[in-house]
Every structure is written in structure tokens, then in C-alpha cells.
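The values are calculated or read from the model by the stated rules, or taken from the named source; none is laboratory data. All values derive from a computational prediction rather than experimental measurement. We place every Cβ from the backbone using ideal geometry, glycine too, and count neighbours over all the protein chains shown. To get the accessible areas, we keep the full protein, side chains included, count just its heavy atoms, and leave off ligands, DNA and RNA. Shrake-Rupley method; radii C 1.70, N 1.55, O 1.52, S 1.80 Å.
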Amino acid sequence: MSRLDWRKSTFSEEASSCVYVAVTGNGKIRLRESDDPEVILRTTRASLRAFIRGAKAGAFDRIREGGA
């Protein structure tokens, strides 16, 4: 994978809980967090947009650990 230009989320706190995003040359989105930067999520703009809309609408508020 070529070098990515990682940008820190403006909503991340100064010292912890940092989320980073990068866009590849073909427009795909990459996400990682500061605690484990080797783990990288791959997604598309449309899928990320849908996830953010769902989170803002509360679609995931009832999800509990273990999948229930």
C-alpha cells in the first residue's frame, strides 16, 4: 500500500481517542484509531456517509456487546 496522508478527526480529544482518516488514490476511505494504528478499516464514501447518518439518527443506540 502506498503512503497515505492520515488526517486526525477534529472531534478527537487532544490526548486520546484519536480517529484518523485517509483517502486513497482511487477515492476509497481508510480509517484507523490511535490505539491500534495497524488495524485499518476500508470503506467507500457512500458506506461511510450511510453509517454516519445512521449513528446520528440513533440506529445503533441499542446494539450491545455480543451482538444483541
Residues of the stretch 27-56 being under 15 Å from Leu4 (Cα atoms) and open to solvent by 100 Å² or more (accessible area, probe 1.4 Å), in sequence order, are Glu38, Leu41, Arg42
In the stretch 1-13, residues that are modelled with pLDDT of 90 or more, under 12 Å from the mean Cα position of the chain (by Cα) and either surrounded by 12 or more Cβ atoms within 10 Å (Cβ to Cβ) or hydrophobic (A, V, I, L, M, F, W, C) (or both) total 1
Selection from the stretch 14-26 of residues open to solvent by 90 Å² or more (accessible area, probe 1.4 Å) and of a type in the set (A, V, I, L, M, F, W, C) yields Ala15
